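Okay, so here's the structure we're looking at.
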Amino acid sequence: MVEPGKPLELQWIPIPAAGEEDVLVRVRAAGICHSDAHYRAGRSSMGMIPITLGHEVAGEVEWVGAKVTNVKAGDRVCLHYNISCGNCYYCKTGNEQFCTTVKMIGHHIDGGYAEYIAMPARNAIPLPEEISFEEGATLMCASATALHALRRGRVKDGETVVVFGVGGLGLSAIQLAKALGAADVYAVDIKLDKMELASQYGAIPINASRTNPVEEIRTLTKGKGVDVALEMIGLPATMKQTVESLGVLGRAVIVGLSQMPLEIHPYQTLIGYEAEIIGSNDHLLQELPILIDMARRKVLDTSHVVSQTIPLEAEKINQRLDALENYTNDVRAVIVQQD
Ligand SMILES: [Zn+2]
Ligand SMILES: [Zn+2]
């Protein structure tokens, strides 16, 4: 990315330097994410310009620094995109996404739309043979964020869950909720194809264009409401519905982004139920091995996610970013590189 608002360009740059605690990774797959379209458009301040985009990365370890013990050359790995210091208060208390100097690859520093990337070795997570590089790359973003949201919502065995918004996040959340032991999982959307996808993955679909989802959830849960409700759309109206769907001791987890105020009736929806509203932001390095294991055991199937692979070519990448920008379709593309 050489200039905000302009198409990406293919340029020759040096192979990045890696230090004694780093790995140099030969990139095999890099997901093209909706955030990348925002970055290219100049809607988010970047850590540097020019910058190589790409935060969903999997590949093969090419070289390791002298102090690296967790991976070795030739290993298949995927990369946690947030690089934290490991030493500040937040890092030391296991909340490294709040690290005071956190840097995201493909946003603050060079990312994975490239042949090589250098990273701290602790950000490299082994990727089992059963999982393709493409799938490994896309696990690093939406699925990981869905798992973090469910963990923030403390989903327990036998509980009921509702997911508002059946996009990439929502489809992962449905499957992960089941894998974490949820009994019934409801999925709210307004598009028929999303309803069908949600039922394919074991959710009970609720079409909000035909029915009031809050009333429908009360009916389906015999008046109780759900234990955990996730908002993955980013609209005040659906956030309100998310909170209103809760039962006694229910937890509403807000993942979708919005700048608009959220208005609720404190007694009717919160105090009277001892309900909680919880924010959930990004995910943690420690959650990624759990997620990869779920994908390996096939309790998380992300085959619906990757629907197109493209080579490392500026024109093709720009076309995909254009499509994301214009919402022409949900096709999720991954840049794939062989030798
Ligand atoms: Zn992403
Ligand atoms: Zn830190």
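Any read-out appearing in this document is the output of simple, stated calculations on the displayed coordinates, not a laboratory observation. Not measured: the values here are computed from a predicted model. Here Cβ is always computed from backbone atoms with ideal geometry, including for glycine, and neighbour counts include all displayed protein chains.
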Query raised in the report: By DSSP, what percent of the beta bridges with both residues in the chain are antiparallel, rounded to the nearest 5?
Result: 50 percent
Query - All-pairs alpha carbon distance profile, region 152-257, 10 Å steps from 0, percent - result: 17, 57, 26, 0
Query raised in the report: Along the charge dipole of region 1-68, Cβ charges K/R +1 and D/E -1, which of T52, P14, V27 sits furthest on the positive end?
Result: T52
Query raised in the report: Among the lysines, which fall within straight-line cross-link reach of K67, defined as a Cα-Cα distance under 21 Å, with same-chain neighbours fewer than 8 residues apart omitted?
Result: K92
Query raised in the report: Which value, in debye to the nearest 20, gives the size of the charge dipole of region 1-124 about its Cα centre, when Lys and Arg are +1 and Asp and Glu are -1 at the Cβ?
Result: 240 debye
Requested in this report: Report the charge-dipole magnitude of region 150-192 in Debye, nearest 20, computed about the Cα centre from +1 at each Lys and Arg Cβ and -1 at each Asp and Glu Cβ.
Outcome: 180 debye
Report summary line: Mean-square fluctuation maximum in Gaussian network of the chain, Cα pairs under 10 Å, restricted to A173, A118, A66, hits A66
Requested in this report: Rounded to whole Å and sorted largest first, list the principal axis extents of the Cα atoms in region 232-339.
Outcome: 60, 35, 21
Report summary line: Once K103 and Y327 are pulled to full extension, the length gained, defined as 0.36 nm per residue separation minus their Cα-Cα distance, is 77.8 nm
Query raised in the report: Average projected area of the Cα convex hull of region 1-147, in nm²?
Result: 8.9 nm²
Query raised in the report: Where the centroid of each part is defined by its Cα atoms, how far is region 25-75 from region 310-328 in Å?
Result: 18 Å
Query - Projected label distance in nm at Q268 and A314, using a 7 Å step from Cα toward the beta-carbon - result: 5.6 nm
Query raised in the report: Of S199, Y186, A252, whose Cα points farthest to the positive end of the dipole of region 176-258 (charges on the beta-carbon: +1 Lys, Arg; -1 Asp, Glu; origin at the Cα centre)?
Result: A252
Report summary line: With the charge dipole of region 185-314 built from beta-carbon charges (+1 for Lys and Arg, -1 for Asp and Glu) about the Cα centre, the Cα from A208, V306, T242 projecting farthest to the positive end belongs to A208
Requested in this report: Relative to the compact-globule scaling 2.2 N^0.38 Å, provide the ratio for the alpha-carbon radius of gyration of region 71-159.
Outcome: 1.22
Query raised in the report: How do the peptides 137-150, 52-65 rank, highest first, by the average count of neighbouring beta carbon atoms within 10 Å per residue?
Result: 137-150, 52-65
Report summary line: Computed about the Cα centre, the charge dipole of region 58-183 from +1 Lys/Arg and -1 Asp/Glu charges at the Cβ has a magnitude in debye, to the nearest 20, of 660 debye
Report task. Arrange D227, D36 by Cβ neighbour counts within 10 Å, fewest through most, would you? Result -> D227, D36
Report task. Counting other beta carbons within 10 Å of each Cβ, put H34, H80 in order, fewest first. Result -> H34, H80
**Report entry** Max mean-square fluctuation residue, GNM over the chain, Cα-Cα springs under 10 Å, options Q11, Q241, Q97
**Finding:** Q11
Query raised in the report: For the chain, with equal point scatterers placed on the C-alpha atoms only and solvent neglected, what are the log10 I(q)/I(0) values from the Debye formula at q = 0.07, 0.10, 0.11, 0.16 1/Å, to two decimals?
Result: -0.30, -0.60, -0.73, -1.38
Query raised in the report: What length, rounded to one decimal in nm, is gained on full extension from Q286 through to L192, with 0.36 nm per residue of separation minus their alpha-carbon distance?
Result: 30.3 nm
Report summary line: Calculated from DSSP helices alone, with each H run of at least 4 adding -39500 (n - 2.57) and the total divided by the residues of the chain, [θ]222 nm to the nearest 500 comes to -7000 deg cm²/dmol
